[in-house]
Amino acid sequence: MTQSTVSYPANLPIMHEVARQIYPVSALYVLATPIGNVGDITLRALHALSMMDAVACEDTRNTAHLLTRYGLSKNLIAAHQHNEREVADKLIARLQAGERIALVSDAGTPAVSDPGARIVDAVLAAGLRVIPLPGASAAVTALSAAGLVNDRFYFVGFLPAKARQRDTALSHLRAVAATMMFYEAPHRIVETVDALATMFEPTRQIVFARELTKLFEEIHRCSLAQAAAWLAADANRQKGEFVILLEGAAAAAESDELEAERILAILLAECPVKQAAALAAQITGKKKNALYERALQMKRQ
Ligand code: SAM
């Protein structure tokens, strides 16, 4: 095994460059933390953290543990979904007194399916600066390794827990052409995949991005028709944290077309055009006339 020769970040010459950036006082630093692997934090985030007067965090125990692992200890302020408005006032008073305060969530980027947006809104409304310190986010991490070719994406986050609301939300997504990104908890993954399979075409591609950056990371891509069987084949596949990506409508229509052509080509090699079109229509559910026209073109090519 190759040994890492990287020295501790504080000793890296590049840290001088990181430190040269201005870190103004009276500013809120929205700081992304790792989504699994503790190494996935930026050098700049570590440097900025070392300068903070306080860290506003979702869970003070989690954040204390994380900071300890980087050799840091900070004054922590609980800022979770139930107290965002009240805590915003306290943070604003401290920022107005000239402090630097970081805002973090338990994992990933604050305000992405996590608390933070209300605090940022209030701090901006008070005329104070908000400085983002970018880093990990599960959705973008999943997208980067999914191989779904589409320039657009649509972040859905968590679907409603109740079946009826969930299905209504999904029905509004059927025409979305962008790649859709869902967050899901392990106890709902099977049910959610069943709901997706009911609502969307079986030929759409789905990507399971499970336990990203962790020991048992797994990224699996298959058609929606195969998704439930893949999940059921191994109980471990239903454990951990999930991002689900679903191919958008336009891309799905395109892969539907390609699949119909593939079927037509096989049939055309064995039967006359009319029969090939009729059989392809039965298999794909597409219109016989359109398949007949396409089969004629394919014959001529
Ligand atoms: N703010 C976070 C972000 O930037 O990604 C998201 C927080 S949200 C409360 C937690 C959800 O994100 C999990 O239920 C899961 O859907 C997804 N998630 C977080 N970490 C993950 C990981 N390591 N692998 C896969 N999904 C993850």
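Since every read-out is calculated from the coordinates, none of them should be taken as a lab result. None of these values were measured; they are calculated from a predicted model. For neighbour counting, all protein chains shown are included, and Cβ atoms are generated from backbone atoms with ideal geometry for every residue, glycine included.
Helical content of the chain, expressed as a calculated mean residue ellipticity at 222 nm, amounts to -13000 deg cm²/dmol (DSSP H runs of 4 or more residues, -39,500 (n - 2.57) each, divided by residue number, nearest 500). Ordering Gln205, Leu170, Phe242 by the projection of their Cα atoms onto the charge dipole of the range 139-249, which places +1 on the Cβ of Lys and Arg and -1 on the Cβ of Asp and Glu, puts Leu170 at the extreme positive end. Once C-alpha pairs closer than 8 Å and six or more residues apart are averaged by separation and normalised to the residue number of the range 139-249, the relative contact order reads 34 percent.
Entry note: the range 158-301 has Rg to Rh equal to 1.08, where both radii use alpha-carbon atoms and Rh is the Kirkwood radius. Shown here for the range 178-240: trypsin sites (Lys or Arg not before Pro) in loop regions (DSSP other than H, G, I, E, B) with at most 15 other Cβ atoms within 10 Å, namely Lys214, Lys239.
Here the scattering of the range 13-136 is modelled by Debye summation over its C-alpha atoms, one equal scatterer each and no solvent; at q = 0.14, 0.17, 0.19, 0.23 Å⁻¹ the log10 of I(q)/I(0) is -0.53, -0.79, -1.00, -1.48.
Roughly how many debye, to the nearest 20, is the charge dipole of the range 139-249 about its Cα centre, given +1 on each Lys and Arg Cβ, -1 on each Asp and Glu Cβ, and no other charges?
With Lys and Arg at +1 and Asp and Glu at -1, about 220 debye.
So what is the relative contact order for the chain, in percent, with contacts set as C-alpha pairs under 8 Å and at least six apart?
With pairs under 8 Å counted, the relative contact order is 15 percent.
Once the Cβ-Cβ distance of Cys222 and Ala250 is raised to the sixth power relative to R0 = 25 Å, the FRET efficiency obtained is 0.80.
Let's see if you can work this out: charge +1 on each Lys and Arg Cβ, -1 on each Asp and Glu Cβ, no other charges. What is the dipole magnitude of the chain about its Cα centre, in debye to the nearest 20?
Result for the chain is approximately 380 debye, rounded to the nearest 20.
Across all Cα atoms of the chain, the radius of gyration (one decimal) and Dmax (whole number) stand at 25.0, 83 Å.
Remark: Asp234, Asp151, Asp114, Asp194 ranked as Asp151, Asp234, Asp194, Asp114, counting other beta-carbon atoms within 10 Å and listing the fewest first.
Here's the picture: charge each Lys and Arg Cβ at +1 and each Asp and Glu Cβ at -1 in the chain, and of Ala79, Ala138, Ile14 the one pushed furthest to the positive end of that dipole is Ala138. Think of each Lys and Arg Cβ as +1 and each Asp and Glu Cβ as -1; about the Cα centre, that makes the dipole of the range 252-300 roughly 280 debye. Taking the Cα atoms of the range 88-221, the ratio Rg/Rh between the radius of gyration and the Kirkwood radius comes to 1.05. Our summary gives the range 13-136 a relative contact order of 41 percent, counting only alpha carbon pairs under 8 angstrom and 6 or more residues apart.
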